[in-house]
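To start, the structure itself, in structure tokens.
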Amino acid sequence: MNADQKVTLKNIAISALIFTILFGAIQALISGIRYAVISAPIAGFFFGLLMYLFLNSKKVKQQTSISVKDQEGTLYSGAANHFKNSEAVGGKLYLLNDRLEFKSHGFNIQNHAFNIYLTEIAELNFYKTLGIVPNGLSISLIDGEVEKFVVNNRDAWKLSIENQLTYYNKKQDQTLCNA
């Protein structure tokens, strides 16, 4: 099991626990504490199970995959949400040799594929989703636009992108010197 899968399982467990607590509180108000104590853990378990099955479904993997040629050049990848307008569009983010590529799955309102070429990146920063969750990666582009992603292991993402930017820029400089 790789690091991204471990983080995904951890996030599923946390989501299931939060769902259990919220569902239990609502059930306690509606039906009483006795019913809530029994129904909330069961509902939380099934919520977590459905999240796991969704994230690991063949359909989602197929919709978020990139071409075989690009897969060979993948340096880093993982589940991500891309903020487009006010929707956090779920999908997968890939770091390739010359760009970042995001592919959404079909269970979003604003399905899209999105590329950010390394030459367009001005700055990488972290942010907190909803002001509290430390999982945001903000990419400022040279045209002034800011693209925001929610990722697992944002430190690894930032380091991988910065390393590739450095490598890519050196490669471009060598190409210019040789010309």
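Laboratory data are not the source of any read-out in this text; all were calculated from the coordinates shown. All of these numbers come straight from a predicted model, not from anything done at the bench. For neighbour counting, all protein chains shown are included, and Cβ atoms are generated from backbone atoms with ideal geometry for every residue, glycine included.
Within the range 8-40, the set of residues being surrounded by fewer than 16 Cβ atoms within 10 Å (Cβ to Cβ) and under 27 Å from the mean Cα position of the chain (by Cα) comprises L9, K10, N11, A13, I14, S15, L17, I18, I21, L22. Within the set L17, L29, L22, the sole residue that is part of a helix (DSSP H, G or I), under 24 Å from N153 (Cβ atoms) and either touching a Pro at 6+ places or on another chain (Cβ under 7 Å) or not polar (S, T, N, Q) (or both) turns out to be L17. For the range 111-153, the set of residues classified as outside any strand (DSSP E or B), touching an Asp or Glu at 6+ places or on another chain (Cβ under 8 Å) and not polar (S, T, N, Q) consists of L118, E120, I142, D143, listed by residue number. For D70, the criteria (1) within 17 Å of the chain's Cα centre (by Cα); (2) surrounded by 14 or more Cβ atoms within 10 Å (Cβ to Cβ); (3) closer than 26 Å to E147 by Cβ; (4) not polar (S, T, N, Q) hold in every case but one, which is (1). Which count do you get for residues in the range 39-67 that are part of a helix (DSSP H, G or I), more than 30 Å from A28 (Cα to Cα) and without any contact (Cβ under 8 Å) to a residue 12 or more places away in the chain? The qualifying residues number 3. When the residues of the range 85-112 are filtered to those that are over 12 Å from the mean Cα position of the chain (by Cα) and under 15 Å from K61 (Cβ atoms), the one that is surrounded by the fewest Cβ atoms within 10 Å (Cβ to Cβ) is G106. Scan the range 127-139 for residues that are crowded, with 16+ Cβ neighbours inside 10 Å and over 13 Å from the mean Cα position of the chain (by Cα) and the total you get is 2.
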